[in-house]
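Down below is the structure, laid out as structure tokens.
Just so it is clear, none of the values below were taken in a lab; they were calculated from the coordinates. Predicted, not measured: the structure shown is a model, and the values here were computed from it. Please note: Cβ atoms are built from the backbone with ideal geometry, for glycine as well, and neighbour counts cover all protein chains shown.
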Amino acid sequence: MFDVIIIGGGFGGLSSAALLSRKGKKVLLIESRKRLGGRAHYIEKDGFVWQYGQHSHRLGPDGHANQVMTRLGEPMTFYETDQKKAKLFYKGRLYDRPNGPAGFLTTQALSFKAKLVFLRLYVKILQEDATLWYDKTLIDFYKSFFKPNREVEGFLNFLGFTIMLPDASIVSAGEVIDFIKRVNKSKIPVADVAGGSKHIIDRLEAVIIKNGGIIKASEKVMKLSVNGRKIDSVETDKGLYQSEMVVYAAPVKYLTEIIDASFFDSRFLNHIKNLKNSGGVIIDFISHEPLSDLEGGILGVDEPLWVKFQTLFDKTVAPRGYHVCTWGLLTAWGQTNNPDAFRATEKRLREIAAICMPGYRNKVIDERKVIIPVVNANMLIPSQSRPHRPSIKSVFLDNLYMAGDTVNGHGCSGDIAFSSALMLDDMIQ
């Protein structure tokens, strides 16, 4: 008999298991895949550490990931990258990336008039209450206070990309406002942890085991049995387990595959059935010399691009004498099940790389391409903004809790997962 069974070994599940085991709970974590980490897992091969995508941490030392690790007595070390060497890709060329409000006055990406409007918009965002805007899009917010301006409206996508949804017509204004206000109070908006996802996953696993927790990988949960208003057993393809509490830490859209849908109301079921996620393509280029000196990387404005030259600051991800940079591009909205969309995304990604790094193919000695059907499991559109995501403590079953990036945690993407684990830890004594 366990105190807690946690289903799912991503950031949310691992963090929850580590926090609760350190609190003295008898914890069992079950993960269907052989590798821990979920969509943040890593593979070590030939001296390289390959991540499934790239994972930076919003607000660095002040962010939810470091809050989890600090609570565990394992505070993280972050790399300080030169943000003067950070670019935007906009209208087919590179521009210096604005660093704070003053940066919008100096950027060459906007006309003088547009700069002034954008700065006024930024100030307005800092003055607003995010809770009033979760159900509206960023373009709705803009049009509520400012006259139409196609140049400014096109550049709004940059603010949307801060929470991984670079489309002002669909991103939740409340989510953008909340993040921008947090950025304004933090010294470091986004940072990379020393050792990357490998460090986080390895440390969380070590804390779980040190505190008596049990991890079962390559084991799939098949069914949750319910008696009254409580889950009384967890059946897997390898055994049957019982616990006082169950934490479901996989994407909530899959919950009804292991428990009867009749336990939930129509609103909850409709939400999880219609969850929208993003997908994309990443390409890791391998070379003997750096392909760029842009420590701060590249973000797209009118195209959903993100680029990281990680070996400029993290020497642990490649063998001596090798450099790796990662290029990623999201697929078109609503096209994550379309193979043609992924092919078009890859083609455009290679075109952009050639624009930003002329002649780079002559330096590349190898590459790794990854098609990612799910980049963010919960795109921050109004209907999937924080007030609409399922609560950490289930209102339907007395001993069911939820964690991960599709529930009511704070932030964006993996930040939601870490936040949900902190909230769960505060609830369970």
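Values computed for the structure shown
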| item | result |
| --- | --- |
| Added length on full extension, which subtracts the Cα-Cα distance from 0.36 nm per residue, His288 to Lys85 | 71.0 nm |
| Full-extension gain in nm, Thr106 to Lys147, via 0.36 nm per residue minus C-alpha separation | 12.5 nm |
| Overall form of region 111-187 per C-alpha gyration tensor (a/c, 1.5; a/b vs b/c) | rounded |
| Efficiency of FRET between Leu116 and Lys185 - r from beta-carbon atoms, R0 35 angstrom, step 0.05 | 0.90 |
| Order of His410, His64, His55 - criterion: other Cβ atoms within 10 Å of each residue's Cβ, fewest first | His410, His55, His64 |
| Out-of-range pairs (alpha-carbon distance over 25 Å; input Lys115/Lys185; Lys45/Lys253; Lys210/Lys253; Lys143/Lys181) | Lys45/Lys253; Lys210/Lys253 |
| Unit charges on C-beta of K, R, D, E only; dipole of the chain, Debye | 480 |
| Calculated diffusion of region 278-372, Stokes-Einstein form, Kirkwood radius summed over Cα pairs, 20 °C and 1.002 mPa s, µm²/s | 156 |
| Contact order relative to length of region 186-315, as percent, for alpha carbon pairs under 8 angstrom and 6 or more apart | 13 |
| Positive-pole candidate from Leu165, Thr131, Asn149, dipole of region 111-187, charges at beta carbon | Asn149 |
| Glu257 paired with Ile43, simple spin-label distance in nm, labels 7 Å along Cα-to-beta-carbon | 2.1 |
| Note, ³J(HN,Hα) from phi for region 138-154, Karplus 6.51, -1.76, 1.60, rounded to Hz, x at Gly and Pro | 5, 5, 4, 4, 4, 6, 6, 10, 10, 6, x, 8, 4, 5, 5, 4, x |
| Sequence-distant lysines (8 or more away, or on other chains) whose Cα lies within less than 20 Å of Lys363 | Lys308, Lys315, Lys347 |
| Cα→Cβ-extended label distance, 7 Å offset, between Arg33 and Asp129, nm | 4.1 |
| Region 278-372, relative contact order [Cα under 8 Å, separation at least 6], % | 43 |
| Contact order relative to length of region 111-187, as percent, for alpha carbon pairs under 8 angstrom and 6 or more apart | 39 |
| Computed [θ] at 222 nm, helices only, for the chain once each DSSP H run of length n ≥ 4 contributes -39500 (n - 2.57) | -9000 deg cm²/dmol |
| Separation in nanometres of the label points that stand 7 Å from Cα toward Cβ, at Lys369 and Leu94 | 2.4 |
| Karplus (6.51, -1.76, 1.60) ³J(HN,Hα), θ = phi - 60°, over region 375-386, in Hz, Gly and Pro reported as x | 8, 10, 6, 9, 5, 7, 7, x, 6, 10, 6, 3 |
| DSSP-defined antiparallel bridges as percent of all bridges, the chain, nearest 5 | 70 |
| Per residue Cα convex hull volume in Å³ - calculated over the chain | 140 |
| Top of Gly53, Gly321, Gly414 by mean-square fluctuation, Gaussian network on the chain, Cα under 10 Å | Gly321 |
| Around Asn338: net Lys/Arg minus Asp/Glu count, Cβ-Cβ under 15 Å | +2 |
| At R0 = 30 Å, FRET efficiency that the Cβ-Cβ distance of Lys220 and Trp333 yields, to 0.05 | 0.45 |
| Whole-angstrom gap from region 113-158 to region 268-341, using each part's C-alpha centre | 27 |
| Equivalent ellipsoid dimensions for region 98-145 as semi-axes, Å, which come from the Cα gyration tensor, largest first | 22, 11, 8 |
